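Student: Below are the structure tokens for one structure; questions will follow.
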Amino acid sequence: MDEDRIAPVFKDRHVFLTGGTGFMGKVFIEKMLRITKVGKLYLLMRPKKGKNPKDRLVDMFTNPLFEMVKKQKSMDELLSKIIIINGDCSVVGLGISETDRQLIAENVTLIYHFAATIRFDEKLKKAVELNTRGTREMIKLAKECKKLDMFGYMSTSYCHLHISFLLEKPYDPPADPNKIINSVELLTENEVEAMSKKILGNLPNSYAFTKALAEALVNDACQNDNLPAMILRPSIVIPTLADPIKGWTDNLNGPAGLMIGAGKGVIRTIYCDQKSYGDFLPVDVAINGLMVCTWNYLAFNDREHYIVNFTSSQDIKVTWEEILVMGQKAINNKYPINGILWYPGGNMSKHQWVHKIKAFLFHWIPALFIDTLLFCLGYKPILWRVHERIAKGMEVLQYYANNQWDFDNKHAIIIRGRMNEYELEKYKVDAKGINIYKYFEDCILGGRRYLLKQPDEMIPSARRMMQVMYLLDRFCKLVIYGGLLYWFMNRILPLFVSQDSLNQFYSIIKNAFKK
């Protein structure tokens, strides 16, 4: 019988993690605590929103993601596995005390650097300080670790956007990372922002730019300083496939957010090439891939395949149009959302001018009308501001939705080939047996449960409201189209057709109805 050779790799190890409270970090921590006998997890954390790191950690364990592991182990047992390291990746030295730094250097054998700002519109100075300089500081810390076996850098497959087919190899950075770091340290945020377009060059945003720089730093340390490192490139990370629960997410990034926005009746047009496709990866599959790559690196001493593309498009291609159709079907027929603004509808437009006309008619005019009504009733206007945020987010998405990239994953396939049947089932890293429509249904239901906080008991009331909105939507369209037809028949048509011909036409119509 096949056995699990992957979980034992982490037994009794001391693992240092940044970005542990983020989307991928939470899933990693949960899986480490649930299926491995990890020694200690060192989490780099900082105070946030008035809460100290320990309180943030306790709050994190209240997330539904951790329900399964809390059934296996007590809260005290879970907390005993974690050592909080007070610090911040955006500051020089990571903000770590000398005592904690020594603790890490003496005990840690695995480091995973997840922390990053994933906002595409982040100010360039802040993005460089966190994504690029933060990675350089992590490399310095890794070099101090006396027992380090592997440094795992979580990059992204969308950081070398000038490459239409991304291979699993290092690429030259868009600039010298150290010079960029030194420059932004000397300048204010406004000064850096004034030069940002020139600095970014052909890259569309600060995220891709700073992640490409960070990759170069890791690769340099790997090649020239013999740092035992892996560069892991996930594509667009989206809700869980199944482990530990289906459809879990803690953010509205990616297609799930678009489907929920459309399901609320707020988003009614998207500038997007419908036939193009994105590369999406469930977050639990990404974490499985991380664990499998760690096992491969350590068990086989595999330094050759140290860059791995965590992508799905070689196995499954789903167009943006298919995602929209699946999302509309799931929301309209099975999991409607409570508190919808209007009956869900709309579509994608390949041409930007068409999208802008639709946005004017179906986003901005309704927003102005409803906000005016709210103001007159004594409430605070909100919809215009919502659409401003949506429009800003869509500007970022449009670049990716209207361009196409493909990814080589030969390294991933080689590593996958070393797994036995039991491991392939326990650590899902392929597309075998996946029902795409069912998956996106789970994403919608997960969005309802975990983001919108709408329990399943509210689905019947959502269905009733959906039926009401459907009738209202059809009535309004009938009135609008009827009014336009009336205007056309009485104002435009007489300019081209004589009144006698029109009267004869009307007479034929009346007689037809009499019969």
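Student: Quick check on my filter: what residues within the stretch 272-304 are open to solvent by 20 Å² or more (accessible area, probe 1.4 Å) and more than 19 Å from the chain's Cα centre (by Cα)?
Tutor: The answer is Asp273, Gln274, Lys275, Leu298, Ala299, Phe300, Asn301, Arg303, Glu304.
Student: If you don't mind, there's one more thing I want to ask. Given the stretch 79-156, what helices (runs of 4 or more DSSP H) lie entirely inside it while holding 3 or more residues that are surrounded by 19 or more Cβ atoms within 10 Å (Cβ to Cβ)?
Tutor: In the stretch 79-156, the matching helices (runs of 4 or more DSSP H) lie at 124-127, 134-144.
Student: Every residue in the stretch 329-354 that is modelled with pLDDT under 85 and not in a loop (DSSP other than H, G, I, E, B), please.
Tutor: Once the filter is applied, which keeps residues that are modelled with pLDDT under 85 and not in a loop (DSSP other than H, G, I, E, B), the stretch 329-354 yields only Asn347.
Student: Out of Ala221, Ala242, Ala208, I need the residue that is at pLDDT 90 or above and either assigned to a loop (DSSP other than H, G, I, E, B) or surrounded by fewer than 18 Cβ atoms within 10 Å (Cβ to Cβ) (or both). Which one?
Tutor: Values: Ala221 fails: either assigned to a loop (DSSP other than H, G, I, E, B) or surrounded by fewer than 18 Cβ atoms within 10 Å (Cβ to Cβ) (or both); Ala208 fails: either assigned to a loop (DSSP other than H, G, I, E, B) or surrounded by fewer than 18 Cβ atoms within 10 Å (Cβ to Cβ) (or both).
Of the residues listed, the single one that is at pLDDT 90 or above and either assigned to a loop (DSSP other than H, G, I, E, B) or surrounded by fewer than 18 Cβ atoms within 10 Å (Cβ to Cβ) (or both) is Ala242.
Student: Can you tell which of Asn202, Asn190, Asn251 is open to solvent by 50 Å² or more (accessible area, probe 1.4 Å), farther than 26 Å from Tyr306 by Cα and not in a helix (DSSP H, G or I)?
Tutor: Working: Asn190 fails: not in a helix (DSSP H, G or I); Asn251 fails: open to solvent by 50 Å² or more (accessible area, probe 1.4 Å).
So the residue among Asn202, Asn190, Asn251 that is open to solvent by 50 Å² or more (accessible area, probe 1.4 Å), farther than 26 Å from Tyr306 by Cα and not in a helix (DSSP H, G or I) is Asn202.
Student: What pairs can you find where one residue is in the stretch 305-324 and within 25 Å of Met348 (Cα to Cα), the other is among the polar types (S, T, N, Q) and not in a loop (DSSP other than H, G, I, E, B), and their Cβ atoms are less than 9 Å apart, with a gap of 6+ or different chains?
Tutor: These pairs meet every condition: Glu321/Asn347; Leu324/Asn347.
Student: If we keep just the residues of the stretch 381-401 that are farther than 28 Å from Thr319 by Cβ and assigned to a helix (DSSP H, G or I), which is least open to solvent (accessible area, probe 1.4 Å)?
Tutor: The initial filter retains those residues of the stretch 381-401 that are farther than 28 Å from Thr319 by Cβ, namely 381-385, 388.
Pick out the ones that are also assigned to a helix (DSSP H, G or I) and you get 383-385, 388.
Details: Leu383: 16, Trp384: 101, Arg385: 113, Glu388: 96 Å².
The extreme case among them is Leu383.
Student: If you scan the stretch 270-323, which residues turn out to be under 30 Å from Asn224 (Cβ atoms) and polar (S, T, N, Q)?
Tutor: Thr294, Asn296, Asn301, Asn309, Thr311, listed by residue number.
Student: Can you tell me which residues in the stretch 181-230 are among the small types (Gly, Ala, Ser) and either in contact with a Pro (Cβ under 8 Å, 6 or more places away or on another chain) or without any contact (Cβ under 8 Å) to a residue 24 or more places away in the chain (or both)? Full working, then the answer.
Tutor: Going residue by residue through the stretch 181-230, those that are among the small types (Gly, Ala, Ser) are 183, 194, 196, 201, 206, 208, 212, 214, 216, 221, 229.
Answer for the stretch 181-230, where residues must be among the small types (Gly, Ala, Ser) and either in contact with a Pro (Cβ under 8 Å, 6 or more places away or on another chain) or without any contact (Cβ under 8 Å) to a residue 24 or more places away in the chain (or both): Ser183, Ala194, Gly201, Ala212, Ala214, Ala216.
Student: A follow-up question, please. Would you check which residues across the stretch 349-380 are buried (at least 16 other Cβ atoms within 10 Å of the Cβ) and not hydrophobic (A, V, I, L, M, F, W, C) and list them?
Tutor: Residues satisfying the conditions are Ser349, His355, Lys358, His363, Pro366, Asp371.
The values are calculated or read from the model by the stated rules, or taken from the named source; none is laboratory data. In this text the structure is predicted, and so the values were computed from the model without any measurement. Cβ sites come from the backbone with ideal geometry, for glycine too, and all protein chains shown count toward neighbours. Ligands, DNA and RNA are excluded from the accessible area calculation, which covers all protein heavy atoms including side chains. Shrake-Rupley method; radii C 1.70, N 1.55, O 1.52, S 1.80 Å.
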